[in-house]
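This report concerns only the one structure given below.
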Amino acid sequence: MLNTEPRSTKGQQYRTQMEIWIPYGEVESLVTLKAENLGETLDIPPESHLDEITINLLERIKDVERVVVCDTKPSTVKVVKAIAAKSEVRFLAPAPKKVEAEATELRGRVEALEPPTESLPGHRGMKASRTLTLTPKKLVLATGEPDPLVGYLDARAALALRAVDGTRKLAYDKRDGDEPRPLKDTPSHDALVEVVGGLPGLIYATIVTRGGQPYSVIEGGTAEARGSFATPDVPRAKGVVIGAGGRGHDETLSHSIRLAVGAVNAARSGGEVIIVAECKEGLGSTALEMFCSGRITDGFIKKGAYVEGLEEIHYVTQLRDNYSVTLLSTLPELYASGRLKFRTARGSGEALNKAFGVIGKTAKLNVVTRASETVVL
C-alpha cells in the first residue's frame with residue numbers, strides 16, 4: 001500500500017538527491033533531500049477504481065430520488081461526474097455553486113439543500129434541513145478522511161456537520177479528552193451518527209482514496225475505514241514533512257491542521273514539523289480567526305463557551321508545545337508567526353534550511369505526502 005521510495009529522481013542525482021512531490025493546492029511542491037537525510041517516505045501511489053465505483057453506485061441509486069453531495073473533494077467530484085454522465089439522477093448539496101464550479105457539466109442539476117429549520121425529535125435545540133426530513137430515498141456521498149475530533153469523517157458524520165445545526169458543538173461536548181484521535185472510535189462520531197440516524201430514507205456511501213483517486217466505497221464507519229487506510233508504525237525521525245493532501249484538503253489552515261496532527265507521530269517529541277498546505281482560503285474556522293486576533297484566551301475556553309473549531313486551539317497548542325513548526329503556505333506571516341507562533345517559509349528549500357539549522361545537517365526527516373490518507377501510529 002505504501003510506497004517508501006520517492007516518485008521521481010533526476011539521473012545521476014539519485015545517489016545524492018531525492019526528489020519528492022507533495023500535493024499543494026492544485027499543483028505539487030517539490031521537496032529535495034540528500035539521500036542520507038531521508039528517513040521514511042510515506043507516499044500512497046494513485047490507484048483509481050472509478051469505473052467499478054460508478055457501476056456500484058449506479059445500481060444503488062436506481063430507486064433514489066436525489067444524491068446528496070457533502071463535499072467538493074476531487075474524488076467526490078470525479079464520482080459525481082461519472083454518475084451524472086450515466087444517469088438522470090439529480091443532486092442536492094449544502095454548497096451547490098461550489099459543486100457546479102468544480103463540475104460545470106452539472107449546472108442545472110444541483111439543488112441547494114435547504115437551511116436547517118426542522119427540529120429533530122430527541123435532539124433538543126438541533127435542526128435539520130427540511131429536505132432531509134422528507135421520505136423519498138436519498139444517497140449521501142462524501143470522501144472520507146481521518147479527523148482528530150470525530151475519528152473518521154465518513155458520509156454520516158459529514159452530513160451531520162454540514163446539514164444539522166448544533167452538531168459541531170455536540171461533537172466537541174461529547175469528546176473524551178483533548179488529545180487528537182484520528183481513525184479511532186470516538187463518542188463524538190457516535191453522537192453524530194445518532195443524530196442523522198433518525199432521518200428517513202438515507203443511505204450512505206463513503207469514498208476511500210488512494211493517491212487522491214477514488215479507490216473504493218464503504219458503507220460503514222471508523223472500524224471499516226481503518227482497514228482501508230494507511231496506518232504505518234515507522235521509526236520516529238528528528239523531523240517530518242507533512243503534506244495535508246492538496247486540493248480539497250488544504251484550502252484552509254483549519255482543515256490542514258486537523259489532518260496534520262494525524263501524521264506528527266512520524267517525528268520525535270521536540271522535533272521539526274514542516275506542514276505543506278496552500279491555505280488559499282485563509283484560516284477557515286471562527287476559533288482560529290478569534291485566536292489569531294487575540295479574542296480567545298484560556299479563560300474563554302475554561303468558561304465552556306463554544307465557537308466553531310474550538311478544538312483546533314488544543315491541536316495548535318499541542319503542536320507548539322511538542323514540536324517546532326514551520327508552515328509552507330500562502331497565509332500572511334502575520335497569522336502564522338503571530339499568535340500561532342509557527343515559522344513561515346516561502347518555499348520548501350527555505351523550510352528545510354530552517355529545520356536543518358535546528359536539528360543538524362545530518363539529521364533525517366520522514367515525509368508524509370498525503371495526511372488525508374495516512375495516520376502515523
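Just to be sure, is GLU224 farther than 16 Å from VAL316 by Cα, part of a helix (DSSP H, G or I) and under 18 Å from the mean Cα position of the chain (by Cα)?
yes
Out of the range 228-249, which residues are hydrophobic (A, V, I, L, M, F, W, C), surrounded by fewer than 24 Cβ atoms within 10 Å (Cβ to Cβ) and in a strand (DSSP E or B)?
ALA230, ALA237
Taking the residues in the range 331-377 that are over 18 Å from the mean Cα position of the chain (by Cα) and among the polar types (S, T, N, Q) as candidates, determine which candidate is surrounded by the fewest Cβ atoms within 10 Å (Cβ to Cβ).
Taking the candidates together, the pick is THR362.
Consider the range 274-291. How many of its residues are assigned to a helix (DSSP H, G or I) and surrounded by 20 or more Cβ atoms within 10 Å (Cβ to Cβ)?
Here the count works out to 4.
Is there any pair with a first residue in the range 98-124 that is without any contact (Cβ under 8 Å) to a residue 60 or more places away in the chain and a second that is surrounded by 13 or more Cβ atoms within 10 Å (Cβ to Cβ) and of a type in the set (Asp, Glu) whose Cβ atoms are under 7 Å apart and which are 6 or more apart or on different chains, and what are they?
Final answer for the pair search is LEU106/GLU100; ARG107/GLU100; VAL110/GLU100; PRO116/ASP165.
Which is part of a helix (DSSP H, G or I), buried (at least 20 other Cβ atoms within 10 Å of the Cβ), touching a residue at least 12 places away in the same chain (Cβ under 8 Å) and assigned by TED's automatic domain parsing to the domain that holds ALA205, of ALA160, ALA142?
Answer to the selection: ALA160.
So in the range 18-31, with the set limited to residues that are surrounded by fewer than 16 Cβ atoms within 10 Å (Cβ to Cβ) and touching a strand residue (DSSP E or B) at 6+ places or on another chain (Cβ under 8 Å), which one is farthest from PRO214 (Cα to Cα)?
GLU19
Given the options GLU19, GLU47, GLU36, GLU52, name the one that is in a helix (DSSP H, G or I), more than 30 Å from GLY108 (Cβ to Cβ) and either out of contact with any Asp or Glu (no Cβ under 9 Å at 6 or more places or on another chain) or not basic (Lys, Arg) (or both).
Every option except GLU36 fails the conditions.
Given the criterion farther than 22 Å from LYS354 by Cβ and either hydroxyl-bearing (Ser, Thr, Tyr) or touching a His at 6+ places or on another chain (Cβ under 8 Å) (or both), identify the matching residue among THR41, THR54.
THR54
Within the group GLY309, GLY282, which residue is over 23 Å from GLY151 (Cα atoms) and touching a residue at least 24 places away in the same chain (Cβ under 8 Å)?
GLY282
Collect the residues in the range 262-272 that are assigned to a strand (DSSP E or B) and surrounded by fewer than 24 Cβ atoms within 10 Å (Cβ to Cβ), keeping them in residue-number order.
Result: ARG268, SER269, GLY270, GLY271.
Take PHE300 and decide whether it is part of a helix (DSSP H, G or I), modelled with pLDDT under 95 and crowded, with 22+ Cβ neighbours inside 10 Å.
no
Looking at (1) assigned by TED's automatic domain parsing to the domain that holds ALA157; (2) touching a strand residue (DSSP E or B) at 6+ places or on another chain (Cβ under 7 Å); (3) modelled with pLDDT of 90 or more, which one does GLY239 not meet, given that it meets all the others?
With (1) assigned by TED's automatic domain parsing to the domain that holds ALA157; (2) touching a strand residue (DSSP E or B) at 6+ places or on another chain (Cβ under 7 Å); (3) modelled with pLDDT of 90 or more applied to GLY239, the lone miss is (1).
Which numbered condition in (1) surrounded by fewer than 24 Cβ atoms within 10 Å (Cβ to Cβ); (2) outside any loop (DSSP other than H, G, I, E, B) is the only one that ARG295 fails?
Exception for ARG295: condition (2).
Across the range 337-377, what is the total count of residues that are among the hydrophobic types (A, V, I, L, M, F, W, C) and not in a helix (DSSP H, G or I)?
11
Part of a loop (DSSP other than H, G, I, E, B) and in contact with a helix residue (DSSP H, G or I) (Cβ under 8 Å, 6 or more places away or on another chain): is that true of GLU100 in this structure?
Taking the combined requirement at face value, the residue does not satisfy it.
The values are calculated or read from the model by the stated rules, or taken from the named source; none is laboratory data. Not measured: the values here are computed from a predicted model. In this analysis, Cβ positions are derived from the backbone assuming ideal geometry, glycine residues included, and neighbour counts consider all displayed protein chains.
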